[in-house]
Amino acid sequence: MRRLVTMLPVALSLIATSILSASAAQPAAMTVTMVNVEYEGTKMWLPGTITVPKGAKVTVKLVNNVPSEPAQHGFAIPAYNIQEVVNRGEPKTVEFTADKAGVFPISCQLHPAHVAGQLVVVP
Ligand SMILES: [Cu+2]
């Protein structure tokens, strides 16, 4: 059971990544939900990687589900000039056009110790 629980964040991340990748051939509007969670003391946005085709109009719904204090966490993709603060219980939406291909870090600008994720924009 413990092993299953340990693998859960990874499994969730892989599932969400493959769903987005499956439609990477057709630039379009894409929506993904990212959830900030705390797992055994570590905070991270999941899925850890989001993959989108270059040119896609991307909508990211951000949900801060971290139960411990503080009640605010950041969501930043510096390469895309995105920087938001998300309060627990108050989902926020970020929209951008993925006009630059590459791999870009996603982090919490308020607490740099968080595990960082990445945005992958496929040319
Ligand atoms: Cu944070």
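Are any residues in the stretch 34-50 outside any strand (DSSP E or B) and buried (at least 18 other Cβ atoms within 10 Å of the Cβ), and if so, which ones?
Scanning the stretch 34-50 gives P47, G48.
Within the stretch 55-75, how many residues are of a type in the set (A, V, I, L, M), more than 13 Å from the ligand (Cβ to nearest atom) and assigned to a loop (DSSP other than H, G, I, E, B)?
Result for the stretch 55-75: 1.
Return a yes/no flag: does the stretch 101-120 have any residue that is of a type in the set (F, W, Y) and closer than 14 Å to V32 by Cα. Before the answer, list the steps.
Of all residues in the stretch 101-120, those of a type in the set (F, W, Y) come to 104.
This time we only want the ones that are closer than 14 Å to V32 by Cα, so: none.
No, the conditions are met nowhere in the stretch 101-120.
Is it true that some residue in the stretch 40-48 is out of contact with any Pro (no Cβ under 8 Å at 6 or more places or on another chain) and more than 15 Å from the ligand (Cβ to nearest atom)?
Yes, the stretch 40-48 contains at least one residue that is out of contact with any Pro (no Cβ under 8 Å at 6 or more places or on another chain) and more than 15 Å from the ligand (Cβ to nearest atom).
Please enumerate the residues belonging to the stretch 92-102 that are touching a Ser or Thr at 6+ places or on another chain (Cβ under 7 Å) and either more than 14 Å from L119 (Cα to Cα) or small (G, A, S) (or both).
Of everything in the stretch 92-102, just one residue is touching a Ser or Thr at 6+ places or on another chain (Cβ under 7 Å) and either more than 14 Å from L119 (Cα to Cα) or small (G, A, S) (or both), namely T93.
So how many residues does the stretch 96-119 have that are hydrophobic (A, V, I, L, M, F, W, C) and crowded, with 20+ Cβ neighbours inside 10 Å?
4
Rundown of residues vs (1) away from the ligand (no atom under 15 Å from the Cβ); (2) outside any loop (DSSP other than H, G, I, E, B); (3) in contact with a Ser or Thr (Cβ under 7 Å, 6 or more places away or on another chain); (4) modelled with pLDDT of 95 or more, yes/no style:
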{"site": "V32", "(1), (2), (3), (4)": "yes, yes, no, yes"}
{"site": "V52", "(1), (2), (3), (4)": "yes, yes, no, yes"}
{"site": "E84", "(1), (2), (3), (4)": "no, yes, no, yes"}
{"site": "E90", "(1), (2), (3), (4)": "no, no, no, yes"}
{"site": "F104", "(1), (2), (3), (4)": "yes, yes, no, yes"}
{"site": "L110", "(1), (2), (3), (4)": "no, no, no, yes"}
{"site": "Q118", "(1), (2), (3), (4)": "yes, yes, yes, yes"}
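Restricting the search to the stretch 54-69, which residues are touching a residue at least 24 places away in the same chain (Cβ under 8 Å) and more than 18 Å from G117 (Cβ to Cβ)?
Across the stretch 54-69, the qualifying residues are K54, G55, K57, P67, S68.
Taking the conditions exactly as written (within 15 Å of the chain's Cα centre (by Cα) and at pLDDT 95 or above), does K100 satisfy them or not?
Values: within 15 Å of the chain's Cα centre (by Cα): no; at pLDDT 95 or above: yes.
Criteria not met by K100.
The values are calculated or read from the model by the stated rules, or taken from the named source; none is laboratory data. On a predicted model such as this, the values are computed, not experimentally measured, just so you know. Using ideal geometry, Cβ is built from the backbone for each residue, glycine included, and neighbour counts are taken over all protein chains shown.
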